[in-house]
Structures are given as C-alpha cells and as structure tokens.
Amino acid sequence: MTKAKIKYFFAYAFLIIVSFISIFPLLWMLISATNTSLDVIRGKMSFGTAIVDNFKQLIQTTQIGQALINSFRNAASLTIISLIVCSLAGYAFEIYHDKWKDGVMKLLLLSMMVPFAATMIPLFTWFGKMNLINTTAGFMLPSISTAFLIFLFRQSSRNFPYEIVEAARIEGMSEIRIFTRIFVPIMKPTYAAAITVTFMNAWNSYLWPLVILQDKKSQTMPILISNLISGYTINYGVLMLAVSISTLPTIIIFFLLQKNFAEGITGAVK
Amino acid sequence: MKRKLLSVILMIAMVTCLFTGCSKGSDDSSKTGSNKAEGSKTSDDPVTLTVWCWDPQFNCYAMNTAGDIYTKAHPNVKVEVIETAWDDIQTKLTTAVTSGQTNTLPDIILMQDSALAKNIINYPDAFVDLTNSGIKFDQFAAFKTALGTVDGKKYSVPFDNGAAITCLRTDILQQAGYTLDDFTNITWKEFIEKGKVVLEKTGKPLLSNQAGSPDLLMLMMQSAGAWVLDENGKANFKDNAVLKEVIDTYVELVKSGVLVEVNDWDQYVSSINSTTVAGAMNGCWIVATVTSAADQSGLWGVTNVPKLSNAGATNYSSQGGSSWLVCANSKNKDVAADFLGETFGGSVELYETILPSSGALATYLPAGESAAYANPQDFFGGDTIYLKITEYASKVPQVSYGVYNYEARDAIGAAITKIVAGTDYDTAIGEAQKELEFQMGQ
C-alpha cells in the first residue's frame with residue numbers, strides 16, 4: 001500500500017467514525033419511534049413493529065395535526081416577513097451612505113448580546129396592553145427583525161458590485177426595482193441560508209410562543225413535545241415518533257436549500 | 001406592470017389574512033371572558049372554567065372527570081382543560097404575575113406541592129384564599145393541606161397523593177431468603193444490612209437514584225418530620241442532625257452497593273423496568289412506572305419506607321404530589337371554589353372513577369373507604385396497595401417546605417455529589433449553605 005493510500009484509509013476511517021457518532025442520535029430516535037416504550041427503556045437497538053400503535057396513540061392523545069399546522073403557519077409567515085424586512089435593511093446598510101450607519105449597525109449587533117429571557121417580561125406587558133396576546137402577530141413581532149439576519153445580508157451585500165447599481169440608476173431603474181430585479185436574484189444563496197436559519201429558529205422557538213400563545217388551539221410542536229414528557233409515565237415510543245415528525249420540516253427545508261446554504265453563509269457573490 | 005400589481009395585491013391579501021386570522025383567537029378569548037363575567041353574577045349563566053394542568057393520563061383525566069361530574073349537577077358549567085407541562089405553568093405564572101397581565105391566567109391551576117409555598121408567598125394576590133369557601137379541608141391528609149397554608153390561610157385543594165412507598169421485587173427478595181414483611185417497618189440500618197445480603201445472593205442492588213438528585217434525601221428528611229429550611233424559611237444545613245444522618249445513610253447506601261446511582265430520569269425508569277435493581281423508593285406515583293412492565297405482574301410488593309434513628313423518625317414520608325389553586329383574577333372564583341369543593345373535596349365517585357384507569361390516588365381520606373380502593377391488585381400479588389398507601393398518607397409528618405425549597409434542594413443535590421465523590425461533609429454542607437444564603441440574598 002502506498003503512503004497516500006494509508007493516509008486515505010485513516011482519514012476515511014476517522015470520518016466514518018465521526019459521521020456515525022453524529023448520526024447515531026438521529027438513528028436511535030428513528031429506531032425508538034418504531035418500538036414500544038418498554039422496549040426503548042430496555043435499550044432495544046433494532047427497528048420494531050410498534051410504529052402504527054405509536055402513531056395511533058399520538059393522534060388520539062395529542063392535537064398533533066393542529067400543532068403541525070400552527071408551527072408551519074407561524075414559521076413560514078415569520079420567515080417570509082423576516083426575510084423581506086431584513087434583506088431590505090441589509091441592502092440599505094451597504095448600498096446607501098450615511099455617517100451614522102456604522103454606529104447604528106454596531107448598536108444592532110450589541111442587541112444580539114441581550115438574552116431574550118431578559119426582555120420577555122417587558123415585552124409581555126407591552127403586548128398585553130396592545131391586545132396582542134394569543135395572536136400570530138404577537139408571536140412574530142419580536143423576531144421579525146433580527147440583528148443576525150441584517151448582519152448576514154449586509155455582509156453578503158459587501159461583495160455585491162456597486163457598479164451594477166450605478167449602471168441601473170443611469171438606465172433609469174427605480175430603487176425598488178434595482179433591489180427586486182438585480183439584488184434579489186444575485187443574492188439567492190444568501191436568501192436560502194436565511195430561510196433555513198429563520199425557519200429553523202421559528203420552528204423550534206419555545207419560550208415566547210409558550211407565554212404569548214395561550215389558547216388551546218395555538219399549541220406548537222415544541223410545546224406539544226414538552227407536554228409529552230410532563231407525565232408520571234413517559235411513552236418513549238410515542239415521544240420519539242413526535243420528535244421525528246417534528247424534525248421533518250426542517251430537514252426537508254435544509255435538503256432542498258442545502259446547495260445554496262453553504263454558499264450563502266460564506267458569501268453569495270463570487 | 002400587471003404582474004407587479006397582482007403580486008402587491010396578493011402580498012397585501014396574505015398579510016391581511018394572516019393578521020385577521022390571528023386576531024380570531026383573541027376574539028374567542030374575549031368571548032370566554034365575557035362568559036366568565038356573566039357567570040359570576042347569576043348561577044344559571046354559562047360558565048367555562050379553564051384549567052391548566054399536565055399529564056393527560058393522570059391530572060387532565062381526573063380534571064375532565066371532575067368536570068363531567070360537576071356538569072351533571074350544574075349544566076351551565078363547563079370545564080376546559082389546557083394541557084400544560086408543570087415547568088411551563090411556572091413560567092407562564094411568573095411571566096403573567098410579574099408583568100401585571102394576570103388576566104392571561106386561567107381559573108384553576110395545578111401546582112407541584114414543592115412549589116406551593118414559594119408561589120403563594122411570592123404572589124399572595126394571585127391566588128384565592130379558600131379557607132372560608134366551604135371546602136372541608138379536615139377531610140384531606142393533614143400534611144397536604146399544611147403545604148398550601150400560609151399565615152393560617154388555606155390556598156390549595158390537595159389532589160395527587162405523594163405518600164412515599166418502597167416497591168420491591170418479591171421474587172428477588174425470596175432468592176435472598178426474605179419476604180416483603182422483612183422490609184416493613186424497618187430502620188435504614190436494617191435496610192442496608194438486608195440490602196447487602198440481597199446484593200450478595202442475587203447480584204441486584206435494591207434501589208437506584210439519579211446522581212445529584214436530592215429527591216431521596218428529601219424523602220428521608222420528611223420521614224423524620226425535619227426539613228432543610230427552618231420555620232422562618234432560613235437555610236438549616238449546618239448543625240442539622242437529621243440532615244447529617246440522612247447524608248451518612250445515603251453515602252452508606254451508595255458505598256455498600258445497595259443503591260446504584262444513574263445519570264438521569266430515563267435511566268432511573270430503565271433500571272426499574274429492566275430489573276437492574278430490585279426495587280424503587282419514591283412517591284406512590286412511581287406505581288405507574290413500575291406497572292408499565294406488564295410482564296412483571298405478580299412479582300412486585302409495596303411497603304412503607306425505612307425510618308431514621310432520631311426521635312421524630314417515622315416510616316412515612318412524601319415525595320411529589322400536587323394541589324389545585326384558584327387564581328384571583330378569575331371572574332368565576334366562587335364557581336371554581338364550589339367546583340373544587342364538590343368534586344376533589346367531596347366526591348368519592350370521582351376518586352373511584354379515576355383510580356382504576358389512571359392509578360390517581362387521593363389525599364381525600366373518605367375516598368379510602370370506597371370499594372375501589374379495597375380492590376386487590378394482581379400486579380402486586382393481590383395486595384390491596386391503594387388502601388395501604390391511603391393509610392401511609394394519613395401518617396406523613398408535616399413539614400414546611402418554605403419559599404426557597406427548590407433552591408435548597410438544588411444546593412443539597414450539589415452537596416451530595418461532592419460528598420459521594422469524597423469531599424468532607426462539613427466543607428460540602430458549609431458551601432451549600434453559603435450558596436443558598438447567597439441566592440436568598442442574605
């Protein structure tokens with residue numbers, strides 16, 4: 001065996017081990033979803049036949065359909081609105097010139113350091129007074145504009161050729177058309193990355209939906225899963241099935257946008 | 001241009017739908033609110049009592065059954081249960097009270113007994129004083145009503161029984177030459193001695209416990225009528241003879257191998273169901289976990305817990321359990337109090353109905369006299385375990401958990417991890433007391 005082959009052998013062996021360690025919890029989750037609670041507890045590591053029973057029980061004991069619809073509606077609306085607002089902001093921060101803009105950006109980035117739990121109670125008081133409790137608007141408003149997304153779009157815009165904007169202006173294109181017709185198509189990878197991150201955060205958000213969406217019909221998937229582990233006896237098979245179902249939308253979105261995701265994070269324009 | 005116009009119209013339509021769709025929920029809740037207001041004025045107007053509680057098979061089931069019973073006598077009253085995990089109830093309660101938005105709270109909430117004093121003392125205006133509501137508090141186990149009593153005012157209606165029990169595998173005991181009687185009314189010293197024999201002859205430890213969890217230690221403390229906070233709610237770690245004995249006993253249990261420490265709750269359940277250990281010691285709700293291994297039917301027995309050696313020591317204690325509270329913001333306070341009084345505080349039928357399918361045991365003492373409680377349980381070798389547990393509940397020593405109960409428990413949990421790892425008792429407990437006092441702002 002040549003030196004190079006030996007090197008590859010060890011590299012692949014190492015990568016296979018690391019991949020297995022990364023995938024193992026996901027695999028275990030899927031295996032557990034097909035087994036009875038007792039089998040899961042006793043450490044059964046092969047696929048079982050209880051998936052239909054687990055599914056029946058999940059449907060009978062929870063409002064999983066409603067929770068999936070709620071989570072999807074909340075996450076999709078938040079993602080769409082958030083992307084529109086933050087990409088406009090990121091674009092504006094880079095393309096337009098103002099002596100205060102760097103200071104404002106720094107202030108925005110500082111806001112990333114304030115944990116949400118610290119602002120939750122004042123927000124709740126304020127939203128209560130504005131009758132926004134139990135509304136999707138109440139759920140979305142605090143997260144529509146995030147410093148991270150604005151920063152992501154601004155950083156990507158750095159590589160965006162300013163000459164195109166100037167040329168378009170000379171051609172008589174309006175500012176909004178320059179944004180929608182030139183900037184958006186070129187920034188597709190950044191949008192893909194932003195969709196993945198925003199959707200995943202919105203889908204998984206727990207604390208704010210918990211306090212703001214009080215209605216029985218507003219329950220989201222993370223809250224449903226939290227209820228599944230609150231009892232004296234936990235049905236681990238049903239729990240793992242619910243967790244598997246809950247991870248599906250984010251996995252689908254990630255795989256659909258996977259190609260663009262890496263590009264978007266590293267920079268859209270080459 | 002047309003396409004642009006169309007996309008703008010579609011966008012506006014989408015956002016409008018989204019926001020109007022969302023506000024529907026608040027319309028509904030305002031309707032409920034107006035129902036509530038009317039319900040308090042006259043007795044025949046429709047009333048919906050909203051309840052936050054957790055566990056669909058246990059608490060939610062019990063509350064729905066109570067709702068059905070009450071609706072039969074009061075057709076205008078409906079109970080709506082919103083399933084909410086306990087930690088989430090605490091988060092929502094704290095957020096609502098501290099932000100002044102108490103109108104977001106339901107009419108009734110279920111609360112863990114260990115958090116009763118903390119919430120009632122911290123938020124006295126958030127809950128209704130039920131002392132003169134007509135609820136017969138003397139018919140509940142005394143230690144349970146004491147947990148929800150602050151300054152002589154009774155705020156909570158006891159529900160879920162947390163009386164401590166020892167579940168043991170009788171087949172494994174038999175292999176070691178013991179019966180369940182050998183583990184009844186014994187001391188911890190005897191328990192450890194017998195546990196060593198069981199371990200030697202069968203290879204099975206008697207108990208498991210989550211490493212760093214203070215639950216078993218607190219169970220031992222209460223069995224002696226002692227606690228880690230004094231009557232003024234201050235830390236009572238140093239010079240607490242009972243705590244010293246409890247920790248020494250625990251360390252001895254671990255070192256002798258009679259108790260095996262596990263990493264988390266899931267492993268704890270697994271150790272019981274997979275026969276890694278020959279028993280479980282916890283609140284009586286652990287029966288639900290034990291019986292989930294249906295193939296072990298007939299192999300389990302239930303008895304009381306071992307006692308310490310100090311003067312107030314008993315074989316009875318409590319772990320977990322929960323109680324109902326009426327929120328002060330409720331527009332139907334009187335209806336809610338009457339509902340709790342007629343059902344959880346007055347209906348043997350309720351407890352008889354919920355017992356067989358949920359195993360939900362009452363602290364309402366008259367329920368213990370009903371036929372359902374005297375049914376022999378095949379899983380436990382035909383023993384009438386529910387009668388036993390109700391009797392245990394009536395003998396549990398009263399203690400005052402105090403406002404900083406959770407913090408005190410966490411401090412003890414951290415201390416026991418250090419002590420098991422070899423840190424000197426006085427050092428670890430001294431640090432725990434300092435840590436707690438820091439959290440209490442002393």
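Results, tabulated for the structure shown:
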read-out: Criterion (basic (Lys, Arg), under 30 Å from A:Met113 (Cβ atoms) and either in a helix (DSSP H, G or I) or within 14 Å of chain B (Cβ to nearest Cβ) (or both)) met by exactly one of A:Arg169, A:Arg177, A:Arg181, A:Arg154; value: A:Arg154
read-out: Filter result for B:Asn236 (under 30 Å from B:Ile172 (Cα atoms) and in contact with a strand residue (DSSP E or B) (Cβ under 9 Å, 6 or more places away or on another chain)); value: no
read-out: Number of the condition not met by A:Ile251 [criteria: (1) in contact (Cβ under 8 Å) with a residue 60 or more places away in the chain; (2) out of contact with any Pro (no Cβ under 6 Å at 6 or more places or on another chain); (3) assigned to a helix (DSSP H, G or I)]; value: (1)
read-out: Number of positions in the stretch B:69-81 that are over 15 Å from B:Gly345 (Cα atoms) and either away from every other protein chain (no Cβ under 14 Å) or part of a helix (DSSP H, G or I) (or both); value: 7
read-out: All positions within the stretch B:56-86 that are touching a strand residue (DSSP E or B) at 6+ places or on another chain (Cβ under 7 Å) and of a type in the set (Lys, Arg); value: B:Lys78
read-out: Answer from A:Ser71, A:Ser82, A:Ser22, A:Ser77 - the residue that is over 30 Å from A:Gln219 (Cα atoms) and either small (Gly, Ala, Ser) or in contact with a helix residue (DSSP H, G or I) (Cβ under 8 Å, 6 or more places away or on another chain) (or both); value: A:Ser22
read-out: Pair list, Cβ under 6 Å, 6 or more apart: the stretch B:268-285 residue within 10 Å of chain A (Cβ to nearest Cβ) and farther than 12 Å from B:Cys167 by Cβ, other residue at pLDDT below 95 and in a loop (DSSP other than H, G, I, E, B); value: B:Ser274/A:Arg42
read-out: The lone exception for B:Asp383 - which of (1) under 21 Å from A:Tyr232 (Cβ atoms); (2) crowded, with 20+ Cβ neighbours inside 10 Å it fails; value: (2)
read-out: Count of the stretch B:292-308 residues which are more than 27 Å from B:Leu243 (Cβ to Cβ), part of a loop (DSSP other than H, G, I, E, B) and more than 9 Å from chain A (Cβ to nearest Cβ); value: 3
read-out: Yes/no for B:Leu361 being outside the structural domain of B:Val51 (by TED's automatic domain parsing) and either among the aliphatic types (A, V, I, L, M) or farther than 23 Å from B:Asp248 by Cα (or both); value: no
read-out: Number of the exception - A:Trp203 against (1) assigned to a helix (DSSP H, G or I); (2) away from chain B (no Cβ under 14 Å); (3) surrounded by fewer than 21 Cβ atoms within 10 Å (Cβ to Cβ); value: (3)
read-out: Qualifying positions in the stretch B:347-393 - part of a helix (DSSP H, G or I), within 18 Å of the chain's Cα centre (by Cα) and touching a residue at least 40 places away in the same chain (Cβ under 8 Å); value: B:Ile354, B:Ser358, B:Leu365, B:Ile389, B:Thr390, B:Tyr392, B:Ala393
read-out: Any hit, the stretch B:138-153, residues being closer than 27 Å to B:Ile389 by Cα, in contact with a Gly (Cβ under 6 Å, 6 or more places away or on another chain), assigned by TED's automatic domain parsing to the domain that holds B:Lys331 and of a type in the set (S, T, N, Q); value: no
read-out: Test: A:Met120 is under 30 Å from A:Gln219 (Cα atoms), in a helix (DSSP H, G or I) and under 17 Å from the mean Cα position of the chain (by Cα); value: no
read-out: Residue tally, condition touching an Asp or Glu at 6+ places or on another chain (Cβ under 9 Å), facing chain A (nearest Cβ under 10 Å) and surrounded by fewer than 20 Cβ atoms within 10 Å (Cβ to Cβ), over the stretch B:98-141; value: 1
read-out: Checklist (1) touching a residue at least 24 places away in the same chain (Cβ under 8 Å); (2) among the β-branched types (Val, Ile, Thr); (3) facing chain A (nearest Cβ under 9 Å); (4) surrounded by fewer than 23 Cβ atoms within 10 Å (Cβ to Cβ) applied to B:Thr84, failing item; value: (4)
read-out: Segments classed as helices (runs of 4 or more DSSP H), wholly inside the stretch B:108-218, with at least 3 members that are closer than 25 Å to B:Ser309 by Cα; value: B:142-147, B:188-202
read-out: Residue list for the stretch B:394-433, filter: in a loop (DSSP other than H, G, I, E, B) and in contact with a Ser or Thr (Cβ under 8 Å, 6 or more places away or on another chain); value: B:Lys395, B:Val396, B:Pro397, B:Tyr401
read-out: Residue that is surrounded by the fewest Cβ atoms within 10 Å (Cβ to Cβ), among those in the stretch A:221-243 that are over 29 Å from A:Pro189 (Cβ atoms) and either basic (Lys, Arg) or away from every other protein chain (no Cβ under 12 Å) (or both); value: A:Val243
read-out: Matching residues in the stretch A:123-136 - criterion: being part of a loop (DSSP other than H, G, I, E, B) and of a type outside the set (Ser, Thr, Tyr); value: A:Met130, A:Asn131, A:Leu132, A:Ile133, A:Asn134
read-out: Selection from the stretch B:22-68 of residues that are at pLDDT below 80, more than 30 Å from A:Asn74 (Cβ to Cβ) and within 13 Å of chain A (Cβ to nearest Cβ); value: none
read-out: Tally of residues being outside any helix (DSSP H, G or I) and under 16 Å from B:Asn132 (Cα atoms) across the stretch B:333-346; value: 2
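The values are calculated or read from the model by the stated rules, or taken from the named source; none is laboratory data. A quick note: this is a predicted structure, and the numbers were derived from the prediction, not measured. Methodologically, a virtual Cβ is constructed for each residue, glycine included, from the backbone with ideal geometry; neighbour enumeration extends over all protein chains shown.
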